[in-house]
1. Among A:Gly121, A:Gly97, which is in contact with a Pro (Cβ under 6 Å, 6 or more places away or on another chain), touching a residue at least 24 places away in the same chain (Cβ under 8 Å) and not aliphatic (A, V, I, L, M)?
2. Which ones in region B:469-494 are of a type in the set (A, V, I, L, M) and either modelled with pLDDT under 95 or farther than 21 Å from B:Phe323 by Cα (or both)?
3. Any idea which of (1) over 20 Å from A:Leu513 (Cβ atoms); (2) assigned to a helix (DSSP H, G or I); (3) open to solvent by 10 Å² or more (accessible area, probe 1.4 Å) is the one A:Lys78 doesn't satisfy?
4. If a residue has to be surrounded by 15 or more Cβ atoms within 10 Å (Cβ to Cβ) and under 29 Å from the mean Cα position of the chain (by Cα) to count, how many in region B:449-485 make the cut?
5. Sort out which residues of region A:381-420 are open to solvent by less than 30 Å² (accessible area, probe 1.4 Å) and either within 25 Å of A:Lys508 (Cα to Cα) or of a type in the set (Asp, Glu) (or both), and write them in order of number.
6. Suppose the filter is over 28 Å from the mean Cα position of the chain (by Cα), farther than 24 Å from A:Leu372 by Cα and either more than 11 Å from chain A (Cβ to nearest Cβ) or open to solvent by 10 Å² or more (accessible area, probe 1.4 Å) (or both); does B:Leu207 pass it?
7. Could we say that B:Ala84 is surrounded by 23 or more Cβ atoms within 10 Å (Cβ to Cβ) and at pLDDT below 95 here?
Protein chains: 2
Amino acid sequence: MRIDFATEPARYRHWRLKCEGPLAWLTLDVDPSGGLFPGTELKLNSYDLGVDIELADAVQRLRFEHPEVRCVVIRSGKDNVFCAGANIGALAQASHGHKVNFCKFTNETRLALEDASEHSGQRYLAAVNGTAAGGGYELALAGDWIMLIDDRRSAVALPEVPLLGVLPGTGGLTRVTDKRRVRRDLADMFCATEEGARGRRALDWRLVDEVVPPSSWEEKLRERALALAAGSDRPADATGIALPPLDRQIEADRITYPHLRVALDRERRIAEIMVLGPSELPADLAGIHSVGTDFWPLAMARELDDAILHLRLNEPELGIILFRSEGDPAAVLAADALLETHADDWLVREIRLYLKRVFKRIDLTARSLFALIEPGSCFAGVLAELVFAADRTFMFSGTRSGENRGPATLILSSLNFGAYPMSNGLSRLETRFLGEPDTLEQTQKAICKPLDAEAAAELGLVTAAYDEVDWDEEVRLALEERASFSPDALTGLEANLRFAGPETMETKIFGRLTAWQNWIFSRPNAAAETSALKRYGSGLRPSFDPERT
Amino acid sequence: MRIDFATEPARYRHWRLKCEGPLAWLTLDVDPSGGLFPGTELKLNSYDLGVDIELADAVQRLRFEHPEVRCVVIRSGKDNVFCAGANIGALAQASHGHKVNFCKFTNETRLALEDASEHSGQRYLAAVNGTAAGGGYELALAGDWIMLIDDRRSAVALPEVPLLGVLPGTGGLTRVTDKRRVRRDLADMFCATEEGARGRRALDWRLVDEVVPPSSWEEKLRERALALAAGSDRPADATGIALPPLDRQIEADRITYPHLRVALDRERRIAEIMVLGPSELPADLAGIHSVGTDFWPLAMARELDDAILHLRLNEPELGIILFRSEGDPAAVLAADALLETHADDWLVREIRLYLKRVFKRIDLTARSLFALIEPGSCFAGVLAELVFAADRTFMFSGTRSGENRGPATLILSSLNFGAYPMSNGLSRLETRFLGEPDTLEQTQKAICKPLDAEAAAELGLVTAAYDEVDWDEEVRLALEERASFSPDALTGLEANLRFAGPETMETKIFGRLTAWQNWIFSRPNAAAETSALKRYGSGLRPSFDPERT
């Protein structure tokens, strides 16, 4: 079954989105029979990947289609329950790979909420009008403010450890200690208590920001949402741009978009992503708004995002993603110039922030990333980020005989120096040259200069340069070698080498928390038939191997 | 088979230690037939846990017994090979728990080298006089300076991914990116190349600090060692103190030391560590030097360290460590006062640094840590660190009927505010009150004041206070509940909750790198009979499930 990340509000089965001036109301009302996999019943507003795909879509649309929205309220459409977290039945029957990729995507969605709040003036208010457990509370934790209804019944809880023998792995543990800075022994108590914390205790332990009795709930909710909205810098009377469905053709061994061609080579386990440079660009800001999603950087970002997610979930055996590009580098730089000149415009800001998130998603994709810079390619500015996201980049030196294309070039723009930080908070170039501040400075002097293979290699911007004599063989050998390694060892290797330098809450979530969760998921105590995860709801008690590791 | 961490130079089978004025020569010459487990042959200076236990002992003795040593040279006693890393045969046949704890201990030993260099004026020079592969290169990476012999043959290498399908998990990946700051694509190439890097390339990629031809090797080595020694602040004519064997009695269900009683309750899966406060203390600095290892803080630290290591490796099913104490809190504070007054003395500095490392080892122990503060206990100053290292602490309120002991007290000393930082660089109290700077300030005002249960709970220093009516039942329930949870989930929970706030290279090693390595170790691609790890040396090619996760 192919998992599709494309959706739109009219097709939502689990969420309702209502905009009302500066406020948006995002209501979770899961259709129990609308699970992604047949046979699972999504009771009590529990979710599977399908529910989160809709949330991610809504969060994305709110940014682009609703510049007027300054605060988004997430609430439940059901009585007494906000959200019961990930659906255990769906989780227990999922493959290890699906579990891991499901958690990764939900983590990215929650971080997208925080990104909207921090960078885009769209704050999130979690209106916990019923119990929020596990992933349900983790969703609330991604908000700026958590309001809990004080009805003597509703609680926030992270019952994963006592109930299921796994972790609150969607950022929960990290946000409890590092965002809300809950005292560690209280966090320990909280995470060991199935029923969680209600009312006053939830407030005292800093698990929520406010407890409100049912009688004043609606009034306080609106008041708080408007207060959050008041601090926003979103424009007053802008018009959003619509995000229409992607023009996408999926075939057995290729996926075609207007600006992206994905070729699936199953034998060599390679997904080649060919990015096509812009063919035409608007002249000015009005033009950008007028073409909307047809503006090349945005169109390309949407297609790239979709392709990466497709590969993650639907093509787990394609272990290598090979980035190539084709087009006019000058046109890519012209697009960058538009993104830079109009950086203060709300839509341009959104496009840049979206590009940042797409590149982060690539950094966090558990596939080996290679980039090839060849005659005819257009790795400049924004597309050069793919070169720096890659684990290795090879560049063609000189020209190819029989072609009338000039030599390959790599061109930096000022946007490579901070517009698209990685999750460690540094640009890819800063991370790359952590040990060579002088080289970083040198590369800054090369902005807008077409660098040939020798110059790029000299500056440390590519891994190796090969001329026509060696190119095919060297590239073939590197890819074959990569495909021969243990896929798990590569995942671990890349997760370590890609993120040098400082750590942030985000890198802690994807490094520390995710790695531990993956370990736990793969252990017999979580994967065996006698595990808590498998026995949940059966009435049978789990049985554990008592050895601590 | 019980693994014993106590050893001494006369019993070493794999290392030779020779001191020569300001230099020490630590020579690795592994006895192939001296493996910890029968049937493994430690060829090519490959190591198992037994080899690392000797190294840890030597590093420790150098600090206490040899104040005159300012630079330690680690080199190989074999031709053409420095160290081939962890012995694959031993690793492949080890249980998952042993693998993980072996890696943890070797990580701690390598960090102890760096600690000696940074804080104790004892620098480490890795004299790589033959190929250093895998754990062998990781050992060199822990040094201040890596000299590689330029004999056209000797290389440094991290061949784990291509050869074994696991990670360089003893800090290698983290030190390559974060200590040596190797460019990520070069690090990727390096970690994918079985044969590693030699000579000029090793230097250009910053994998070593110096390459030296064989003809000038000995001369340059001594020159470099003396240069490193020159920067040291170790005392000129101090006399070391001997570290005699621990007075220790191991029985079926208890271990007895002079200042520590460990009771093993297998049914409830609890190891209770009762720490006994000092009975007598020297009056001054001369007295401290004169009693040497009998000085209570040092004696207690050595016993605690030994007990923790014993529990880690030999008692994996005891999932809870319960800290208790007995003695006079005033005497503990008097010991603290000595440690503070004489902080500038080299031996006192060593004792404080050792206490720091023991507490870090406790933080990193994958067992649930509980502390009980009761009438008669002496959790003050240095022992209060155990309270703050614990996942939860319960404190007895009031007195016990039928006892003539006064109420329990908790007393802080100034040493709780920075003398023993965790691996995140913060004190346990700073980490605890990350979200409450005001509370941290309040606790500072309470230094030296005996806090009863109510006061300690009010300040957030303990998790809960119970009086006689509830104590037994509450403590019993908490311990029983803990023992019922999934051991793996608890390991992940504690590894996340204990380390709020900033990350360091050290926390990255134990959080990110270790978690990924544990995951990989537990995956079929590493654990199955067809894995690279199991098939290493058999001539058979490994076979992998190609799915990326």
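The values are calculated or read from the model by the stated rules, or taken from the named source; none is laboratory data. Remember, predicted model here, so these are calculated numbers, not experimental data. Positions of Cβ are generated from backbone atoms using ideal geometry, with glycine treated the same way; all protein chains shown enter the neighbour counts. When the accessible area is computed, the model is the full protein with side chains, heavy atoms only, and any ligands, DNA or RNA have been set aside. Shrake-Rupley method; radii C 1.70, N 1.55, O 1.52, S 1.80 Å.
1. Details: A:Gly121 fails: in contact with a Pro (Cβ under 6 Å, 6 or more places away or on another chain).
Just a single option satisfies the conditions, and that option is A:Gly97.
2. So in region B:469-494, the residues of a type in the set (A, V, I, L, M) come out as B:469, B:475, B:477-479, B:483, B:489-490, B:493.
The answer is B:Val469, B:Ala489.
3. (2)
4. 9
5. Residues satisfying the conditions are A:Glu385, A:Leu386, A:Val387, A:Phe388, A:Ala389, A:Ala390, A:Asp391, A:Arg392, A:Asn416, A:Ala419, A:Tyr420.
6. Details: over 28 Å from the mean Cα position of the chain (by Cα): no; farther than 24 Å from A:Leu372 by Cα: yes; either more than 11 Å from chain A (Cβ to nearest Cβ) or open to solvent by 10 Å² or more (accessible area, probe 1.4 Å) (or both): yes.
It is false that B:Leu207 is over 28 Å from the mean Cα position of the chain (by Cα), farther than 24 Å from A:Leu372 by Cα and either more than 11 Å from chain A (Cβ to nearest Cβ) or open to solvent by 10 Å² or more (accessible area, probe 1.4 Å) (or both).
7. Numbers: surrounded by 23 or more Cβ atoms within 10 Å (Cβ to Cβ): yes; at pLDDT below 95: no.
When the stated conditions are applied, B:Ala84 does not pass them.
Per-residue answers, yes or no, for (1) among the hydroxyl-bearing types (Ser, Thr, Tyr); (2) free of Cβ contacts under 8 Å to residues at least 12 places away in the same chain; (3) in a loop (DSSP other than H, G, I, E, B):
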| position | (1), (2), (3) |
| --- | --- |
| B:Phe190 | no, no, no |
| B:Glu195 | no, no, yes |
| B:Arg206 | no, no, yes |
| B:Glu219 | no, yes, no |
| B:Asp233 | no, no, yes |
| B:Arg268 | no, no, yes |
| B:Glu272 | no, no, no |
